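Novice: Pasting in a structure now, in structure tokens, and then I'll have a few things to ask.
The values are calculated or read from the model by the stated rules, or taken from the named source; none is laboratory data. Since this is a predicted model, take the numbers as computed values, not measurements. Cβ sites come from the backbone with ideal geometry, for glycine too, and all protein chains shown count toward neighbours. Ligands, DNA and RNA are stripped out before the accessible areas are found, and what is left, the full protein with its side chains, is counted by its heavy atoms. Shrake-Rupley method; radii C 1.70, N 1.55, O 1.52, S 1.80 Å.
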Amino acid sequence: MTERPDTYPKTPLSKGFLRSFVRWLVIGVVLVWSLAALILLAARWIDPPSTAVHIQRRLQAWIHHTPYRERYKFIRLRQISPDLQHAVIAAEDAHFYQHHGFDWHEIQIAAENDLEDGRTRGASTITQQLVKNLFFGTGRSVLRKGAEFTLVPVAEFVLGKQRILEIYLNVVEWGPGIYGAESACRYYDGTAARSIGREQAARLAAILPAPLKRRPERMNNYSVLILERMRQMNW
């Protein structure tokens, strides 16, 4: 007795499920990206009440049952010493005013060299770091880099250089629970951000690559390098 061929067409459930999953995944990604872009647009006028890094640190303290006190005060860029603004740019992103979100020269150098953990300057621009601080925290992944890559041009377009610098200087992590220039200056030097001196500014900028490990008073060598960069940039 021969078997009769199956005359009913087969539509694998797995294939239909996969199509549906991919479709909803794409819709979800587009919605999340659109929300992030709208947040960046709103940040042109509204100061961020918190960031992904702030939330991450609170959660870490809660999970590990460690004390946590947050110091965060948003101030205008004109209330931050020009020396501190210049020191941070010299330390973190020397071509900040020349590029459009990505410093391709620095990216090429980073790609060609196996940089060690103790490097003094990475390839990320201030705009990239701001996007990462606002939305992604300190974690690293290919997906995060991809999302960051698409949001950086949006930040450059809707915010502009001065607002990017203002937000970055106010939200960046400067130590355990210490966020922004005003909190950092008052915590480490007992003074307002508008009154911080040139050498103190260089020491504060020097701890930004590893704010949970570094202290300004220990940044002798790197702060001298930052001061030299500032002089080379006519600041």
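Novice: Could you give the accessible area per residue of the chain, probe 1.4 Å, as a whole number in Å²?
Specialist: On a per-residue basis, 61 Å².
Novice: While we're here: 7 Å from Cα along Cα→Cβ at both Gln56 and Lys73: what's the point-to-point distance in nm?
Specialist: About 2.6 nm separates the two model spin labels.
Novice: At 7 Å along Cα-to-Cβ for each site, give me the label-to-label distance between Arg186 and Trp104 in nm.
Specialist: 4.4
Novice: Which residues' amide hydrogens lie under 5 Å from the amide hydrogen of Arg71, considering only partners 5 or more residues apart or on another chain, with H built in the peptide plane?
Specialist: Residues meeting the criterion, in which the H sits 1.01 Å from N, are Ile178, Tyr179.
Novice: Please report how many Lys pairs in the chain have alpha carbons closer than 25 angstrom, counting only residues at least 8 apart along the chain or sitting on separate chains.
Specialist: Details: Lys73/Lys132; Lys73/Lys161; Lys73/Lys213; Lys132/Lys145; Lys132/Lys161; Lys132/Lys213; Lys145/Lys161; Lys145/Lys213.
For the chain, the number of qualifying lysine pairs is 8.
Novice: Have a look at Asn170, Asn133, Asn221 and tell me which one the Gaussian network model of the chain (Cα, springs below 10 Å) gives the largest fluctuation.
Specialist: Asn221
Novice: Now, a different point. Identify the trypsin sites (Lys or Arg not before Pro) of region 129-182 meeting these criteria: DSSP loop state and at most 16 other C-beta atoms within 10 Å of the C-beta.
Specialist: Arg140
Novice: Once both labels are modelled 7 Å past Cα along the beta-carbon direction, what's the Arg231-Arg144 spacing in nm?
Specialist: About 3.7 nm separates the two model spin labels.
Novice: Once R0 is set to 22 Å, what does the formula 1/(1 + (r/R0)^6) return for the Cβ-Cβ distance between Ser195 and Glu217, expressed as a FRET efficiency to the nearest 0.05?
Specialist: Numbers: r = 18 Å, r/R0 = 0.84.
For Ser195 and Glu217, the calculated efficiency is 0.75.
Novice: For the chain, what is the calculated [θ] at 222 nm in deg cm²/dmol (nearest 500), taking -39500 (n - 2.57) for each run of four or more DSSP H residues and dividing by its residue count? Can you show the working numbers first?
Specialist: Working: 9 runs with 133 residues, N = 235.
One gets -18500 deg cm²/dmol as the mean residue ellipticity at 222 nm.
Novice: Could you give the dipole magnitude of the chain about its Cα centre, charging the beta-carbon of Lys and Arg +1 and that of Asp and Glu -1, in debye to the nearest 20?
Specialist: 620
Novice: Please return the longest range in the chain lying between exposed loop sites, taking GluC sites (Glu not before Pro), DSSP loop only, at most 10 other beta-carbon atoms within 10 Å, and leaving the sites out. Write out the running numbers ahead of the final one.
Specialist: On the way: sites that count: Glu3, Glu116.
Longest stretch, sites excluded: 117-235.
Novice: With a ≥ b ≥ c taken as the square roots of the eigenvalues of the C-alpha gyration tensor of region 15-58, please select rounded if a/c is under 1.5 and otherwise prolate if a/b is larger than b/c or oblate if it is not?
Specialist: Since a/c reaches 1.5 but b/c is at least a/b, the shape of region 15-58 is classed as oblate.
Novice: Rounded to the nearest percent, how much of the accessible area of the chain (1.4 Å probe, protein heavy atoms only) is carbon and sulfur? Mind dumping the intermediate values first?
Specialist: Numbers: 8480 of 14330 Å².
For the chain, the apolar C and S fraction of the accessible surface comes to 59 percent.
Novice: Find the percent of Cα-Cα distances in the chain that exceed 27 Å, and round it to a whole number.
Specialist: 41
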